[in-house]
Amino acid sequence: MNDRQVQTSQHFAEELRLAALKAARQAAVLLRESFRANVQAEHKSNAHDLVTDIDRRSQQLITASLLSAQPDSWVLGEEQVSGDQGLPASGKVQWIVDPIDGTSNFVHGVAFFCISIAAAVDAQLLAAVVLDPISGDEFTANSTAAFLNERRLEPSARPEQSRANLMTDYPGAESMLKDGELSMKIFGQWIQDFATVRRKVCAALALAHVAAGWCDASIGFDTKVWDVAAGAHLIRMAKGTFRGLSYGQPGLADHQCSGFIAQGPGANYPSLAAAAEQIHQLRAII
């Protein structure tokens, strides 16, 4: 790719960032107005997996805005709504959308949830937005840098494992059924290995906090692409690392994998890699 092509690509990624930010801001108004307003939730796969009418309305707002900005694009959203499209065409922009990541927190009045939007072409991430509608923090990235409220994110090198803080949703109810006693053994080991361990039940916002340097690492299992795509791109553009755990599934981009290890700049925490290997070994024989 020559210099002109690079500049064109970077300009396009910036266009995508701004389009995603505009869409997220529209949905954020709805989420702020609805928060702690007696929102009624429905169960999806189980009692821990919730959805609300606000999720669907947020998805509709985001989808309409994104398709207006990029008419030839397609939307992969957690909540399927009118306007979401089917299989992608080569070279077309794919929007990966979670209209409310952390719906359970939203429903229960806990102010830790977000809107997550990523843009990819042929499985390569180009732009990302994670917007916290309550704090107002806007985490964004194009193809060259990550930003918090339009200021470039440049977190310092992360501390050693014993002084680091970890944010994770593991183990949840489903993973405890899959992994049994190992899940609690791993969680207990993390509590010993890290300075703090927090379960915030919102993967996208946790990853954004890693990108900002407010959290040192995050790890997840049984995740979906809309949980992690935007956060993965944020972390990489902020000079951290995001590694997908494909567990033998070939051809997947890191953000498409069902598990991940995310770490801030310079961090390499052995406890996370050890846990991922233990879970892989257990599930390989189930």
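Here are a few things to note about the model shown:
- Calculated [222 nm] ellipticity per residue, helices only, for the chain: -13000 deg cm²/dmol; basis is -39500 (n - 2.57) per DSSP H run with n ≥ 4, divided by all residues, nearest 500.
- Loop-located chymotrypsin sites (Phe, Trp or Tyr not before Pro) in the stretch 182-286, at most 15 other Cβ atoms within 10 Å (DSSP): W214, Y247
- FRET E, pair R32, R151, Förster distance 25 Å, beta-carbon r, rounded to 0.05: 0.65
- Antiparallel beta bridges, as assigned by DSSP with both residues in the chain, represent about 75 percent of the total such bridges.
- Modelled label positions at R163 and R283, each set 7 Å beyond Cα in the direction of Cβ, lie 3.4 nm from each other.
- Percent carbon-and-sulfur accessible area, the chain, ignoring ligands, DNA and RNA, probe 1.4 Å: 49
- About the Cα centre, charge dipole magnitude for the chain (Lys/Arg +1, Asp/Glu -1 at Cβ), debye: 380
- Of the whole protein surface, I54 contributes about 10 Å² of accessible area at a 1.4 Å probe radius.
- Between A274 and D122, residue separation times 0.36 nm minus the direct Cα-Cα distance comes to 51.6 nm.
- Listed residues R36, R283, R57 arranged by accessible area, highest first, probe 1.4 Å: R36, R57, R283
- Which of M176, Q192, C202, positive extreme of dipole for the stretch 110-223 (C-beta unit charges): Q192
- GNM flexibility winner over the chain from G213, G172, G248 (Cα, springs under 10 Å): G248
- The length gained on full extension between A111 and M176, counted as 0.36 nm times the residue separation minus their Cα-Cα distance, comes to 20.8 nm.
- In nm, spacing of pseudo-spin labels at A64 and Q10 (7 Å Cα→C-beta vector): 3.6
- Per-residue SASA entry for M237, accessible area with 1.4 Å probe, Å² rounded to 10: 40
- Averaged per residue, the chain has 46 square angstrom of accessible surface, using a 1.4 angstrom probe with ligands and nucleic acids left out.
- Stretching K239 away from A253 to a fully extended chain increases their span by 3.2 nm, per 0.36 nm per residue minus the current alpha-carbon distance.
The values are calculated or read from the model by the stated rules, or taken from the named source; none is laboratory data. This is a predicted model, so every value here is computed, not measured. When we count neighbours, we look across all protein chains shown, and the Cβ atoms used for this are built from the backbone with ideal geometry, even at glycine. In case anyone asks, the SASA skips ligands and DNA or RNA and just uses the protein heavy atoms, side chains included. Shrake-Rupley method; radii C 1.70, N 1.55, O 1.52, S 1.80 Å.
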